Amino acid sequence: MINQQLLNPKSIVVVGGSDDIHKPGGKVLYNIIKGNYKGKLYVSNPKQDKVQGIKSYKNLNDLPETELAILAIAAKFCVDAVKILAEQKNTKAFIILSAGFSETNEEGAKIEKEIVEIINKNNGVLIGPNGIGVLTPNYHGVFTSPVPKLDPQGVDFISGSGATAVFIAELGIPAGLRFASLYSVGNSAQTGVEEVLEYMDLTYEEGKSPKVKLLYLEQINKPQKLLKHASSLIRKGCKIAAIKAGSSSAGSRAASSHTGALASSDVAVDALFKKAGIVRCYGRQELITVASVFMHPELKGKNIAIITHAGGPAVMLTDALEKGGLNIPQIKGKTADELLEKLYPGSSVANPIDFLATGTAEQLADIIDFCENKFDNTDAMVVIFGTPGLSRVFDAYDVIDKKMKTCKKPIFPVLPSLSEAKDEINEFISKGRVFFPEEVLLGNALSKIYFTPKPQNKEPELPEIDKQKIRNIIENADNGYLSPEKVQNLLDAAGINRAKEIVTDNLQTAVLEAEEIGFPLVMKVVGPIHKSDVGGVVLNVKTKEQVEKEFNRMIKIKDTTGILLQPMLSGTELFAGAKYEDKFGHLILAGMGGIFIEVLKDVSSTLSPVRKKEATEMIKSLKSYKLIEGTRGQKGINQDKFAKIIVRLSALLEAAPEIKELDLNPLLGTEKDVIAVDARIKIEK
C-alpha cells in the first residue's frame, strides 16, 4: 500500500547517485536538488565522498535511517541494498529505476521476487523496477525531463511505461496541461496502476485532491480492483482517461461458440472501462486532448456553437462533432440578426458563427455574450482563433480568458497559430489555461467523453431466481457442455423465457411429443457442435411422417445422442451470451443474430453483474438498433423483454460462476416477446 514515506519522505537516499547527470543516478539526484526537496538528502556511491555537493556514503551500512531509497544500480546489486535498507535503516519506501528484472529473463524475475519478499516482510512499498520514478509536490524522484511544474489541481498520471509517461507529459505541457503527480510503476512488481489508483480513491478529499486521472496500461493484473476504485473516484466527481495498449496480439482466441470467437481480453477491457466510466484512448495525443477537455467545465448538452474567424477549421470541426453524435444547431431569428449587425459585412451567424479574418476582439466578446445569454439552443462554445501573422492577438486571447471565468457554458479554445501567436499562447497558458491546437481532435474527444457512460451508483439488485436448483444442476454436472435437458432446467431456474422442447433418442416418443408440441416444428441433432454443417437441423416439419423420416436419418449422424424437437417460431434473430474472461469475470454480450453477429460483429458488451438500465443501454448502442426499434414498416422488437433476458442471464452467471461459455443463439424477438430457441452452456469447475 502507498505510504507517507513514499509520498512525503523526511529523508531520501539515492543509491548509485552520480555527478554525471546523463546517467539515471545523476539525473534523479539533480532533479531532487533542483526541485528544492526540503528533507534530508543522502547519496550512496562506493567511490566518492560527495556527489553533486551531497554527502556520499561509500558503505550503505554507515547510512543514517532513511525513509525513501531510490535505487539506480545494476539489478544484481539491488537485493543486498534493499536488504540492508529495509532491515537495518528502517526504509519503508523504495523506487527502483534499474532495468534487468522480470522484463529481461528468469534470473531477473527471481531477483525481482526476492526484493518484493524483503520489502513485504518489512511492511514497505515498492515502485518499479524498470521505471522512471515518482514525481510528487514534495520531491522530484524521476531521472527524466521535462519535469513539469506541479499544480495541486492538475492531473494525476499513473503509467506502466516510463518513456511513454515522458512523451505524454511532453505533449501536454505545451498545451497548458498541468500535472499534480506522476507514478511510473514499471514492472509493477509489488505496486501497480491499480494500487496507486486505490490509494487515490481511499484518500480522496473533495476540494483538495486532483479530479483528473490519466492511466497508461500495458497489462491489467487486477481488473476488479481497477473497476472498483475507478468507479468510486468517478462517482466522487473525478474524471479518468486511459490507454490500454497491447490489444491486438492476445486479443482474439478461438473458441467453439460465437461468444468465444468474439470475446477477447480487449473486449473485456472495453467492457470494464465502460462499466467504470473510464474514457478509453488509443494514443498519446488523444489522451492529452481528452485530459485537456477534462480541465474545462463539463459538457452538459449536445448542442455546440462554433465561433471562428477561419472557415476551414470550423467546417472540419462541424464534421467531427456531427459524426461523433453532437449537434451544431442552426442559429436564426431576430436575436441572430441583432448579433449580425454587430459584425462586419460578410459575416455569418448561422453556426458556425464566422466573423471573418478581420474580426476583432470586441466582436468576439459580443458573440460569446450572445451564445451565453441569448441563444438558448447552445450548451457550449468552441472558439477557433489564430492569426495569419498580420497583427498580434493578445486582446482576443484576453477576451477568451475573461469569458471563460464568467460564462456558465463551457468554452473550449482552439488556438492553431503555434508559431505566429506563440507569445500570446504562452501568456494565455500562464493564466492557468489549457488550449487545443487542433479542432478535429477536440471534436472527437468531446464526443467520446460525452457518450462515455457514467458508472452505476451501486451494485445492481438482480432478479430473484432459483439459486438452489441452479447449484444442484451445476454441482452434479461434469465439466464440458451440458445436456439440453440441463440447459433447459438452468434457463427455467433463471426465469429466461425459452421455447418448449423435448429431447429423445426414441422414434415413438419423438412422434408423440411432436404432436404434443404442435406443427410446424424444428428438429435438431444433439451432440455435434456445428449442427447445420452435418445436416442436423430441419425446419418447418409439418407432419408425423416427416418426423419419422427425419428422425431415422438424423439419429445416424456421427456423434448424435438424441433429437431435439421444438416449435417452429418466427421473429427477428437476436443473440445474448457470456464468456468467462480470466481475472475480469463474466463478459456478457448481446446483439442481433445472423449476419449481424457473424459478419458485422455488431455486439455490445459489459461485465456482470448487469442492471436493467445498463442492459437497455447495451441494446441501444448497437449499430443495428434501428432494426430493433422497427423501421420501414417492420415492427420492432420488445426491448424491455430483451433487456430482462440479459439481466436474468447475469443473475444466472452470478449464481453459477463455473459457467465458462453460454450462448442463447438464436433468441427470437417480436414486438410482444423474446424467446430463447437454442442454448448451449459449458462449465468448468
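Applying the selection to the range 360-405, what residues are within 20 Å of PHE436 (Cα to Cα), loosely packed, with under 15 Cβ neighbours inside 10 Å and either among the polar types (S, T, N, Q) or modelled with pLDDT under 95 (or both)?
Across the range 360-405, the qualifying residues are PRO388, GLY389, ARG392.
May I ask you to list the residues in the range 157-212 that are over 20 Å from the mean Cα position of the chain (by Cα), among the aliphatic types (A, V, I, L, M) and more than 21 Å from THR144 (Cβ to Cβ)?
LEU202, the sole residue that qualifies.
Can you name the condition, by its number, that GLN456 falls short on among (1) under 30 Å from GLU684 (Cβ atoms); (2) without any contact (Cβ under 8 Å) to a residue 24 or more places away in the chain; (3) polar (S, T, N, Q)?
The number of the failed condition is (2).
Scan the range 386-410 and report the pairs whose first residue is free of Cβ contacts under 8 Å to residues at least 60 places away in the same chain and whose second residue is of a type in the set (Phe, Trp, Tyr), with Cβ atoms within less than 6 Å and a gap of 6+ or a chain change.
ALA396/PHE385; TYR397/PHE428
Just checking, which of ILE411, ILE465, ILE496 is under 29 Å from the mean Cα position of the chain (by Cα) and of a type in the set (Val, Ile, Thr)?
Testing whether each residue is under 29 Å from the mean Cα position of the chain (by Cα) and of a type in the set (Val, Ile, Thr) leaves just ILE411.
Restrict the check to the range 308-316 and report whether at least one residue is in the same structural domain as GLY443 (by TED's automatic domain parsing), surrounded by 14 or more Cβ atoms within 10 Å (Cβ to Cβ), without any contact (Cβ under 8 Å) to a residue 40 or more places away in the chain and under 29 Å from TYR450 (Cα atoms).
yes
Scan (1) out of contact with any Gly (no Cβ under 9 Å at 6 or more places or on another chain); (2) among the hydrophobic types (A, V, I, L, M, F, W, C); (3) farther than 30 Å from LEU214 by Cα; (4) assigned to a helix (DSSP H, G or I) for the single condition VAL293 breaks and write down its number.
Result: VAL293 fails condition (3) only.
For every residue, the table says whether it meets (1) closer than 24 Å to GLU475 by Cβ; (2) surrounded by fewer than 22 Cβ atoms within 10 Å (Cβ to Cβ); (3) under 22 Å from the mean Cα position of the chain (by Cα).
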| site | (1), (2), (3) |
| --- | --- |
| PRO609 | yes, yes, yes |
| GLY630 | no, yes, no |
| ALA655 | yes, yes, no |
| ASP663 | yes, no, no |
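Could you give every pair whose Cβ atoms fall below 6 Å, whose first residue belongs to the range 187-206 and is at negative phi, and whose second residue is β-branched (Val, Ile, Thr) and assigned to a helix (DSSP H, G or I), counting only separations of at least 6 or pairs across chains?
Short answer, once both residue conditions are applied: ALA189/VAL116; GLN190/VAL116.
What strands (runs of 3 or more DSSP E), lying completely within the range 583-685, carry at least 3 residues that are of a type outside the set (Lys, Arg) and closer than 26 Å to LYS531 by Cβ?
Numbers: elements: 585-592, 603-607, 659-669, 674-676, 679-683.
Output list reads 585-592, 659-669, 674-676, 679-683.
The values are calculated or read from the model by the stated rules, or taken from the named source; none is laboratory data. Small disclaimer: the values here were computed from a predicted structure and weren't measured. Positions of Cβ are generated from backbone atoms using ideal geometry, with glycine treated the same way; all protein chains shown enter the neighbour counts.
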